[in-house]
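The structure appears below as structure tokens.
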Amino acid sequence: MKLRNIFISIILTSTLACAQDKNPINTQNTHEIVVPEINIPWGFTFLPDDSMLITEKSGELIHFKDGKKTIVSGLPEIYVRGQGGLMDVILHPDYKTNNWIYFSYASSEGEGSGGHTAIARAKLNNNNLTDLEVLYKATPNTTKGQHFGSRLVFDENGYLFFTIGERGSRDENPQDITRDGGKVYRLNDDGSIPDDNPFVNEKNAKKAIYSYGHRNPQGMTLHPETKNIWTHEHGPKGGDEINIIKAGKNYGWPVISYGVNYSGTSFTDITKKEGMEQPFHYWVPSIAPSGMAFIHSDKYGDWEGNLLVGSLKFKYLDMCTLKNNKVVKEERLLDGLGRVRCVEQGPDGFIYVGIENLGIVKLIRK
């Protein structure tokens with residue numbers, strides 16, 4: 001019996017050790033709660049008057065101004081299931097003149113039962129959405145509750161990029177450009193397809209696809225200097241990735257991966273293959289990344305240029321120090337506050353972070 005207990009203890013210790021994240025805690029930071037009491041702040045953005053629009057995953061768009069929360073009316077019907085609901089929100093680059101906001105959400109409209117990711121835009125007038133236009137709706141619907149994506153970014157040329165996860169259909173969607181899911185997409189700001197999208201001349205292809213072979217990208221941002229689109233995506237057990245997105249490229253899921261099934265069994269025995277992109281960086285064990293932003297202001301001293309990635313699993317903001325085109329160091333910021341869902345740099349140069357069951361906090365360097 002004593003020997004058996006020792007054996008069990010060794011197994012438990014080994015399992016816990018494997019499950020722990022290796023990144024050290026940086027204690028030179030604190031925070032200020034800016035918007036309290038939000039359950040799942042999936043995304044947020046700043047309006048020109050420094051007020052905020054915040055998406056609550058359960059289906060509410062919140063306008064936070066002068067310390068008050070107001071629910072914005074006029075949203076389409078939101079399909080709330082599993083990881084799906086109301087997701088990201090951003091402004092048009094020329095919002096001051098055209099008043100367009102863009103948002104992603106799970107929708108039950110269209111073919112099949114269940115739902116899939118949709119991208120829409122609308123104008124914000126007195127806390128009401130008007131002129132609603134659905135720009136893209138992925139098909140077919142499914143009742144699966146996982147991997148909706150979905151981040152939104154405008155690049156410097158005014159193209160709208162967005163991500164859609166593979167919706168739990170690992171072996172059908174990511175490698176097939178005739179199917180939605182497991183892709184990064186690119187549209188013109190009005191929802192039309194750019195003439196130079198990589199698959200516009202491919203028969204039966206989804207013309208909005210920009211890159212493929214992704215699992216569930218829940219982070220996307222524009223590099224402040226190179227202007228390249230960076231994403232990160234959830235792996236399975238291990239194999240979360242950061243990728244720099246290039247037109248028409250295949251990022252490998254699920255043919256290549258640095259992860260395994262959640263059960264610990266293998267689904268692929270290769271991590272590299274010709275014609276498939278290697279990640280810029282990957283995590284083993286998984287940190288469950290969500291939200292992504294570069295520090296590109298002078299508010300944080302020598303942290304400027306670092307990349308910030310939220311960790312849902314380990315409940316911290318991961319600061320990645322970049323040097324010679326690779327991640328050379330990772331540190332935990334805001335350690336233990338809660339599941340980090342989204343991160344943005346505000347117009348004041350400070351970093352703001354959406355944390356589940358807490359709200360929006362401002363990152364302060366001690």
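The values are calculated or read from the model by the stated rules, or taken from the named source; none is laboratory data. These figures come from a predicted structure and were not determined experimentally. For neighbour counting, all protein chains shown are included, and Cβ atoms are generated from backbone atoms with ideal geometry for every residue, glycine included.
Quick notes on this structure:
- Whichever residue in the stretch 146-171 is among the hydroxyl-bearing types (Ser, Thr, Tyr) and in contact with a strand residue (DSSP E or B) (Cβ under 6 Å, 6 or more places away or on another chain) and, among such residues, is surrounded by the fewest Cβ atoms within 10 Å (Cβ to Cβ): 159
- Residue in the stretch 91-100 that is among the aromatic types (Phe, Trp, Tyr) and surrounded by 18 or more Cβ atoms within 10 Å (Cβ to Cβ) present: yes
- A Cβ distance below 8 Å, combined with a sequence gap of six or more or placement on separate chains, defines the contacts here; from the stretch 57-84, residues that are surrounded by 15 or more Cβ atoms within 10 Å (Cβ to Cβ) reach no residue that is β-branched (Val, Ile, Thr) and modelled with pLDDT under 95.
- Enumeration of residues in the stretch 266-307 that are under 16 Å from residue 346 (Cα atoms), assigned to a loop (DSSP other than H, G, I, E, B) and not basic (Lys, Arg): 295, 296, 297, 298, 300, 304, 305, 306
- Scope the stretch 203-240; condition among the β-branched types (Val, Ile, Thr) and out of contact with any Pro (no Cβ under 9 Å at 6 or more places or on another chain); matching residues: 221, 226, 229
- Some residue of the stretch 42-54 being part of a loop (DSSP other than H, G, I, E, B), modelled with pLDDT under 95, out of contact with any Gly (no Cβ under 8 Å at 6 or more places or on another chain) and surrounded by 10 or more Cβ atoms within 10 Å (Cβ to Cβ): no
- Among the residues making up the stretch 79-116, those that are in a strand (DSSP E or B) and more than 20 Å from residue 127 (Cα to Cα) are 81, 84, 106, 107, 115, 116.
- Restricting attention to the stretch 196-230 and to residues that are over 17 Å from residue 306 (Cβ atoms) and polar (S, T, N, Q), the residue that is surrounded by the fewest Cβ atoms within 10 Å (Cβ to Cβ) turns out to be 201.
- The lone exception for residue 174 - which of (1) touching a Ser or Thr at 6+ places or on another chain (Cβ under 7 Å); (2) crowded, with 20+ Cβ neighbours inside 10 Å; (3) assigned to a loop (DSSP other than H, G, I, E, B) it fails: (1)
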